[in-house]
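Student: Below you will find the structure I want to go over with you.
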Amino acid sequence: MYSRSITSIALAFVLFLPSALSGQQALERPLPIDPQVTIGTLENGLRYYIRVNSRPESRAELRLVVNAGSVLEDDDQRGLAHFVEHMGFNGTEHFAKQELVDYLESIGMRFGPHINAYTSADETVYMLRIPTDTADIMEKAFQILEDWAHLQTLDPEEIEKERGVVIEEWRSGRGAGARIRDKQFPIIFRGSRYAERLTIGTKESLEGFEHDALRRFYRDWYRPDLMAVIAVGDFDPDMIEQLITKYFAAIPAATDAREREVFPVPLHDETLFAIATDPEATNTRVSILWKQRLGAYETVGDHRQRLVARLYNGMLNQRMTELTQKPDAPFIFGGSGQGRFARSSEVYQLFASVKEGGVTVGLDALLTESERVSRHGFTPGELRRQKARMLRGLERQYAEREKRESAAFASQYVRHFLTEQPVPGIAAVYELAQQLLPTIELDEIDRLGREWMVDQNRVIAVDGPEKNAVPDERELLAVFEAVHAKDIAPYEDEVSTAPLVAIVPAPAEIVSEEHVDEVNLTIWVLANGVRVLLKPTDFKDDEILIRSFSPGGYSLAPDETLVPAMFAIDAVGAGGVGELSMIDLRKVMAGKAVSVSPFISSLSEGISGATSPKDVETAFQLMYLYFTAPRRDSAAFVAMQQQMEAFLANRSAS
């Protein structure tokens, strides 16, 4: 009845990682599949994924994935991929009308956290989180998935009821963002089906579609060769495989099936301009998109190239963040990113949110920083820190590999089914990073920007409030020309050598100690009156949570100082600590798993944070500095004020 495509994967995984990866042959090795997931295919073409995972205990994440979305709709079906998803909860062969929802709620499930679904341009995904300690519930859950897959009734009366619900969903989404999107998408996706197949559809289509058009979409695209069932959770995998076979193997294979096309996003030689304003827009944004052909992601070499791209974007984004810490910053925030654009293509993007009237200034800053990299490259220090950040992040994921939630694995397998994104598992990813990152040099990172930022396949997008004038096409192109003609100095990578804590304080005496055995809690009282509560847990293997607080908060501030009290913590956060500015602190903390932040709420104040046991002393050093040596930085304070003013300037327009 089915084939299991996981055969020999465990052996392949063992043989995959040599002690050192080098040479072209090593880079051409295919990426492994995590041996903890079973992947199989039934004879009718339906694929399934099964993985045992005990977080959370006695629960399972189930997914029915349909490789079909709004991009496949015929002209008389606009919005109906999403409408079919709605109808899955309004009657199936085994659950008439509201019975399905009533049953799920009767076993303690709620819409949102436990029952959900979504439709996009390319896929539809149904999601259940179910208890696994009752066989009947498990059985019913797979019956529900099967009903969604091919036994929806699409009752005429229920269709008419749901028509009003979906039209209201369309109406409630018709804000400034939707109106700007309607103007920009036809340009950004010019010549592509994506430009004309928004998932929600059109009001005209939703009001007037024939019932048969809805049934035709369900009949054409809900078929086993376009489906996957994913089960991750605390269960017996053999039982799950039997349930999948029982409920899905008998679904007839598609005959005379319509081709499931993958629609391209055409490339173009000229620069396109997507400029849009709206009276209710609350901020101004500028971005440059460079469309790219879809890159392969199958081999170790492909994975290495993605590490190179991540390093490039990570280092450039650090520089962009530094710009926002200075007075008269060119943008409120700015960034760089590269990834999948649609099912068929990728994109590189520079983007920024800017002040009123600041489009050309923000665009100039984005292009200047990118050009600085193209001409002078990144520094060895930047690369060293970014590699440390990346490796430390993967190290923590590896340390927590047994504590990862089932939903995260389910999402990975959804992407693997839909886009063939690799699922090697964190053990292989961490091992690869340890082997590959040391081999990546500055030259191959530096040239990425030159390869990505070309004159072809480029879209310049600008949007903002209607009341503000935005640059026209000629003015925007003039910024590119001006940046190319600029004399741009290399980046100065200033790194403070000052210690985090210059003078280490003497330890405080513990004047009393108490144990609360019922909850395994230890309470200390220090000589200065501070009470310390220590509670060991096994929730995570590489995390310590810290929270210090005292009663008070900004509710105690007089009226005339309430606003400063509410925003005082932002000023403290922007200034850094001790001798280190916030920019210095980011550099010093590279590669450390520490997050510490002071807070002032309405009724309390204190410091909260999270850290790895490996970095716990650094976390306490930061807490000590926030208490004793918050850094006064007038420049950072002015930059923070300007950012807030820009962010709030048009909030009332919404």
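Student: Could you tell me what percent of the accessible area of the chain is made up of carbon and sulfur, with a 1.4 Å probe and every protein chain present?
Tutor: Solvent-exposed carbon and sulfur of the chain make up 52 percent of the total.
Student: Turning to a different aspect of this structure: If we count every other residue with Cβ under 14 angstrom of residue 482's Cβ, Lys/Arg +1 and Asp/Glu -1, where does the sum land?
Tutor: Details: positive: 474, 486; negative: 364, 371, 475, 481, 487.
Net charge in that neighbourhood comes out at -3.
Student: Would you grab the residues whose amide H sits under 5 Å from the one on residue 552? Only those 5+ places off in sequence or on another chain, please, with H modelled 1.01 Å from N.
Tutor: Distant-sequence amide H within range of residue 552: 604, 605.
Student: Scan around residue 421 for amide H atoms under 5 Å from its own, H built in the peptide plane at 1.01 Å from N, and keep only partners 5 or more places away or cross-chain.
Tutor: 416
Student: Once amide H atoms are placed 1.01 Å from N in the peptide plane, what residues at a sequence separation of 5 or more from residue 272, or on another chain, have their amide H within under 5 Å of its amide H?
Tutor: Under 5 Å from the amide H of residue 272: 458, 459, 460.
Student: May I ask you to compute the full-extension gain from residue 379 to residue 165, defined as 0.36 nm times their residue separation minus their alpha-carbon distance, rounded to one decimal in nm? It would help to have the intermediate numbers written out before the result.
Tutor: Numbers: separation 214, 0.36 × 214 = 77.04 nm, distance 5.54 nm.
Taking residue 379 through residue 165 to full extension adds about 71.5 nm, to one decimal.
Student: Checking the table 403/535; 387/540; 291/387; 140/535; 540/587 against a 29 Å threshold on Cα-Cα, which pairs fail?
Tutor: On the way: 403/535 19 Å; 387/540 24 Å; 291/387 27 Å; 140/535 40 Å; 540/587 27 Å.
Violating the 29 Å limit, Cα to Cα: 140/535.
Student: Now for a different question. Which whole-Hz couplings ³J(HN,Hα) result when phi for each residue of segment 573-580 is put into the Karplus expression 6.51 cos²θ - 1.76 cosθ + 1.60, θ = phi - 60°, listed in order with x for Gly and Pro?
Tutor: Each residue of segment 573-580 in turn: x, 6, x, x, 9, x, 9, 9 Hz.
Student: Taking the Kirkwood radius as the inverse of the mean 1/r across Cα pairs, report the Rg/Rh of the chain.
Tutor: 0.98
Student: Rounded to the nearest 5, what % of the DSSP beta bridges within the chain are antiparallel ones? Mind dumping the intermediate values first?
Tutor: Working: 82 of 96 bridges.
Roughly 85 percent of the beta bridges in the chain run antiparallel, per DSSP.
Student: Now for a different question. Label segment 248-312 by shape, choosing from rounded, prolate and oblate, from the square roots a ≥ b ≥ c of the eigenvalues of the Cα gyration tensor; if a/c is under 1.5 it is rounded, and otherwise prolate applies when a/b is larger than b/c, oblate when it is not.
Tutor: Taking the square roots of the gyration eigenvalues as a ≥ b ≥ c, segment 248-312 is oblate.
Student: Using θ = phi - 60° and the Karplus form 6.51 cos²θ - 1.76 cosθ + 1.60, what ³J(HN,Hα) does each residue of segment 25-40 get, whole Hz, x for Gly and Pro?
Tutor: Each residue's phi maps through the Karplus curve to give 4, 5, 5, 7, 4, x, 5, x, 9, 3, x, 7, 10, 9, 10, x Hz.
Student: Quick one: 3J(HN,Hα) in Hz for segment 624-634, Karplus 6.51/-1.76/1.60 with θ = phi - 60°, rounded, Gly and Pro as x.
Tutor: Each residue's phi maps through the Karplus curve to give 4, 5, 5, 6, 10, 9, x, 8, 7, 9, 5 Hz.
Student: For the pair residue 477 and residue 627, what calculated FRET efficiency results from E = 1/(1 + (r/R0)^6), where r is the Cβ-Cβ distance and R0 = 41 Å, to the nearest 0.05? Please list the in-between numbers first.
Tutor: Numbers: r = 52 Å, r/R0 = 1.27.
Once the sixth-power term is evaluated, E becomes 0.20.
Student: Next question, about the same structure. Let me make sure I get this right: for segment 21-114, a, b and c are the square roots of the gyration tensor eigenvalues over alpha carbons, sorted descending. Under 1.5 in a/c it's rounded, otherwise prolate if a/b > b/c, else oblate. Which is it?
Tutor: Working: a/c = 2.77, a/b = 1.51, b/c = 1.84.
Since a/c reaches 1.5 but b/c is at least a/b, the shape of segment 21-114 is classed as oblate.
Student: Using a 10 Å cut-off on Cβ atoms, rank the peptides 390-399, 245-254 from the highest mean neighbour count down.
Tutor: Going by the mean number of other Cβ atoms within 10 Å, highest first, we get 390-399, 245-254.
Student: Could you work out how much longer the chain between residue 299 and residue 641 gets when fully extended? Use 0.36 nm per residue separation minus the Cα distance between them, nm to one decimal.
Tutor: Between residue 299 and residue 641, full extension yields 118.3 nm more.
Student: State, as an integer percentage, the relative contact order of the chain based on alpha-carbon contacts under 8 Å between residues 6 or more apart.
Tutor: In percent, rounded to a whole number, it is 16.
Student: Grab the beta carbon distance between residue 579 and residue 519, set R0 = 35 Å, and tell me the FRET efficiency rounded to 0.05.
Tutor: On the way: r = 41 Å, r/R0 = 1.17.
Efficiency, rounded to the nearest 0.05: 0.30.
Student: Find the centroid of the Cα atoms in segment 349-426 and in segment 536-580, then give the distance between the two in whole Å.
Tutor: Centre-to-centre distance over Cα atoms comes out at 28 Å.
Student: If you count, for each residue, the other Cβ atoms within 10 Å and average over each peptide, how do 147-154, 273-280 line up from highest to lowest?
Tutor: Going from most to least packed, we get 147-154, 273-280.
Student: Would you mind working out the accessible area per residue for the chain, using a 1.4 Å probe, and quoting it in Å²?
Tutor: 48
Student: Could you tell me which of rounded, prolate or oblate describes segment 487-540, using a ≥ b ≥ c as the square roots of the eigenvalues of the alpha-carbon gyration tensor, with rounded for a/c under 1.5 and, failing that, prolate when a/b is larger than b/c and oblate otherwise?
Tutor: The shape class here is oblate.
Student: Given R₀ = 35 Å, FRET efficiency for residue 253-residue 203 by Cβ-Cβ distance, to 0.05? Each step should come with its number before you reach the end.
Tutor: Working: r = 37 Å, r/R0 = 1.07.
The formula returns an efficiency of 0.40 here.
The values are calculated or read from the model by the stated rules, or taken from the named source; none is laboratory data. Since this is a predicted model, take the numbers as computed values, not measurements. FYI the Cβ positions are ideal-geometry reconstructions off the backbone, even for glycines, and counts take in every protein chain you see. Note: areas computed on protein heavy atoms with side chains; ligands, DNA, RNA excluded. Shrake-Rupley method; radii C 1.70, N 1.55, O 1.52, S 1.80 Å.
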